Amino acid sequence: MILESLTNRKYVPDDRLWEMIKRANSLTEGGYSVWDDNAMTLVPLLKRILARAKEVRDLQIYFYVMGKAFWYVRRDGVDDIRFAFQISEMFHQAHAEHLAEETTRFGREYYVDTAARILSFYMKYPQINDEKMKQMLSIFLESDEKYGTVWNAGSYDKIMRYALFEEDLHLAGRAKKKLETMDFTNWCYVCYYVRPMLHYYVFMEEYDRIEELILAVSRKEIAKKYRWCYDQCEQANEETLVEEALEHCMNLGKDKLFRKIFRKWRDLFTHPMEGEIATCEALLHVFAGDLSRLEETLRVAEEDDRKGREMKVTPYDGMYWFLWWHLYFRLLHRQGVNSVKMNLEEWPEAAEIPKMTEKQKTVKVPEKGKPAEEPVTTEVMETPENPESGGEILTVGERSYSCETLAEYFAGKAREIGARMSRARRNFDYEKVKRSHERCLGL
């Protein structure tokens with residue numbers, strides 16, 4: 001349930017609040033997919049709960065619901081960015097009115113945690129400049145010093161992300177110390193310790209610590225009392241953590257470390273992807289030579305493009321999605337696939353592809369398990385229409401596009417957002433990030 005701490009009536013004296021909170025919890029009694037399916041009803045309900053809590057001056061409920069709502073509306077299945085910005089403004093107004101001074105310890109804990117979440121949120125929008133980012137960091141650090149408890153050490157995963165983005169080793173060290181003091185009885189050990197520490201050790205190029213963290217999780221060698229995370233956390237597995245470490249390497253320009261990690265865990269990426277396909281996951285699999293589930297992967301590219309056009313993804317995340325698809329199609333072309341068919345909107349003109357009969361269609365695909373940097377192909381059939389048989393035309397959509405065309409299309413989308421991010425962030429250079437990815441992938 002989304003408001004699981006408010007299931008006892010004694011914590012909710014107001015009758016109207018109690019009825020709305022019960023309704024919100026009834027809408028979220030199942031798994032997260034149920035929460036997302038009920039977003040059209042749940043989001044307006046959360047807005048009404050916040051308005052009523054402030055009206056009756058129940059600030060403990062106000063800050064608790066603020067924190068839970070801010071997390072919820074940023075889920076991939078909800079993506080209510082407008083409401084997320086509205087909650088940010090609510091927080092700033094509460095900060096200006098010093099409302100945290102009037103609430104309980106419980107309310108203040110969520111006040112501090114929401115400050116960190118807003119900082120992380122702001123990082124992903126170029127309209128929030130460096131000055132506003134620093135202001136939000138100051139609000140969090142001051143609030144944590146004044147109101148924070150041991151529980152708020154969990155907020156430092158977001159501070160670690162900001163510190164490494166800014167290359168602020170002093171702040172990163174402070175975040176590291178906080179994370180090392182955490183009690184993970186109520187915080188997911190993988191999400192709030194392993195993942196931020198992976199980021200830190202990639203930045204510091206400490207391969208042994210990276211390997212130690214990943215293996216501890218994959219072998220279930222973490223403290224017994226924290227192992228509940230295996231039942232609830234999708235990130236509590238070896239492949240996801242390796243992918244995340246490789247992603248950090250590409251972002252931070254650690255190409256030698258990337259190659260070392262990839263050599264160690266290469267076999268993870270030569271077998272077909274399982275479950276839902278993530279964009280960076282697809283990139284790493286095509287790099288390893290795995291072209292299975294290609295049709296499903298193209299559907300993910302279509303969906304990512306749609307979300308970008310509909311602004312259902314933050315500019316920062318969209319920039320990386322589009323960069324990864326740019327690199328994906330370059331690698332796909334290097335693997336011997338010249339063209340694919342996709343069903344997309346607002347795309348460039350279809351590539352000029354010679355028509356081929358079913359008998360003439362053939363494929364030039366690397367052997368299973370061969371990475372893109374070691375292309376090994378099977379024999380192909382030559383035809384008059386296609387004398388070199390440069391790759392199979394995949395019948396999965398309505399129009400054919402060359403991989404080169406798709407790569408350039410996504411490059412343009414990534415470059416446009418990257419230019420805005422570079423102007424807004426002193427320590428960010430999109431072209432540098434792109435070159436870093438290319439070095440890691442041998443492009």
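The values are calculated or read from the model by the stated rules, or taken from the named source; none is laboratory data. Since the model is a prediction, treat every value here as computed from it, not as a measurement. Backbone-built Cβ (ideal geometry, glycine too); neighbour counts: all protein chains shown. Each accessible area value is taken on the protein alone, full model and side chains, heavy atoms only, with ligands, DNA and RNA left out. Shrake-Rupley method; radii C 1.70, N 1.55, O 1.52, S 1.80 Å.
Note on the chain: helix-only mean residue ellipticity at 222 nm, from DSSP H runs of 4+ residues weighted -39500 (n - 2.57) and normalised by residue number, equals -18500 deg cm²/dmol. Could you tell me which of rounded, prolate or oblate describes region 195-268, using a ≥ b ≥ c as the square roots of the eigenvalues of the alpha-carbon gyration tensor, with rounded for a/c under 1.5 and, failing that, prolate when a/b is larger than b/c and oblate otherwise? Cα axes put region 195-268 in the prolate bin.
Mean separation of Cα pairs under 8 Å and 6 or more residues apart, divided by the residue count, gives the chain a relative contact order of 13 percent. With 0.36 nm allotted per residue and the present C-alpha distance subtracted, the Glu431-His98 stretch has 115.7 nm of extension available. Multiplying the residue separation of Thr41 and Ser218 by 0.36 nm and removing their Cα-Cα distance gives an extension gain of 59.9 nm. Between Gln135 and Arg48, the contour length at 0.36 nm per residue exceeds the alpha carbon distance by 28.4 nm.
Can you give the angle from 0 to 90° between the axis of helix 294-309 and the longest principal axis of the chain, with both taken from C-alpha atoms, to the nearest 10? Around 50 degrees separate the two axes. Counting only alpha carbon atoms, the long axis of helix 130-147 and the longest principal axis of the chain meet at about 40°. Note that the chain, at 4 °C in a medium of 1.567 mPa s, gets a Stokes-Einstein diffusion coefficient of 54 µm²/s from its Kirkwood radius over C-alpha pairs. Pairs spanning more than 31 Å between alpha-carbon atoms, out of Lys47/Lys312; Lys224/Lys256; Lys68/Lys124; Lys176/Lys254; Lys146/Lys307; Lys225/Lys432: Lys224/Lys256; Lys146/Lys307; Lys225/Lys432.
Rolling a 1.4 Å probe over the protein chains gives His170 an accessible area of about 150 Å².
The accessible surface of the chain, taken with every protein chain in place and a 1.4 Å probe, is 45 percent carbon and sulfur. Under a model in which nothing but the beta-carbon of Lys, Arg (+1) and Asp, Glu (-1) is charged, region 6-130 shows a dipole of about 240 debye around its Cα centre. These residues, Glu4, Glu19, Glu243, go from largest to smallest accessible area, 1.4 Å probe, as Glu19, Glu4, Glu243.
Once C-alpha pairs closer than 8 Å and six or more residues apart are averaged by separation and normalised to the residue number of region 223-286, the relative contact order reads 27 percent.
Relative to the longest principal axis of the Cα atoms of the chain, helix 81-96 runs at roughly 30 degrees. Classify region 58-197 as rounded, prolate or oblate from the Cα gyration tensor: take a ≥ b ≥ c as the square roots of its eigenvalues, call it rounded if a/c is under 1.5, otherwise prolate when a/b beats b/c and oblate if not. Note, shape of region 58-197 comes out rounded. Assign one of three labels to region 167-206, namely rounded, prolate or oblate, based on the Cα gyration tensor with a ≥ b ≥ c the square roots of its eigenvalues; rounded applies when a/c is under 1.5, prolate when it is not and a/b is larger than b/c, and oblate otherwise. Because a/c hits 1.5 or more and a/b fails to exceed b/c, region 167-206 counts as oblate. The simple Förster model, with R0 at 25 Å and r as the Cβ-Cβ distance, assigns Ser26 and Lys312 a FRET efficiency of 0.40.
Placing +1 on the Cβ of every Lys and Arg and -1 on the Cβ of every Asp and Glu, with no other charges, gives the chain a dipole of roughly 1140 debye about its Cα centre. Sorting Asp37, Asp157, Asp168 on solvent-accessible area from highest to lowest, probe radius 1.4 Å, gives Asp37, Asp168, Asp157.
Averaging 1/r across all pairs of distinct Cα atoms in region 79-123 and inverting the result yields a Kirkwood radius of 11.0 Å. Under the criterion of Cα pairs below 8 Å and six or more residues apart, the relative contact order for region 1-114 equals 24 percent. Can you give the FRET efficiency to the nearest 0.05 for Tyr11 and Glu438, using r as the Cβ-Cβ distance and R₀ = 51 Å? It comes out at approximately 0.40. Label zone (Glu416, point 7 Å along Cα-to-C-beta; backbone nitrogen cut-off 19 Å) within region 99-137: 125-128. With a Förster radius of 45 Å applied to the C-beta separation of Tyr226 and Glu167, the computed FRET efficiency comes to 0.90.
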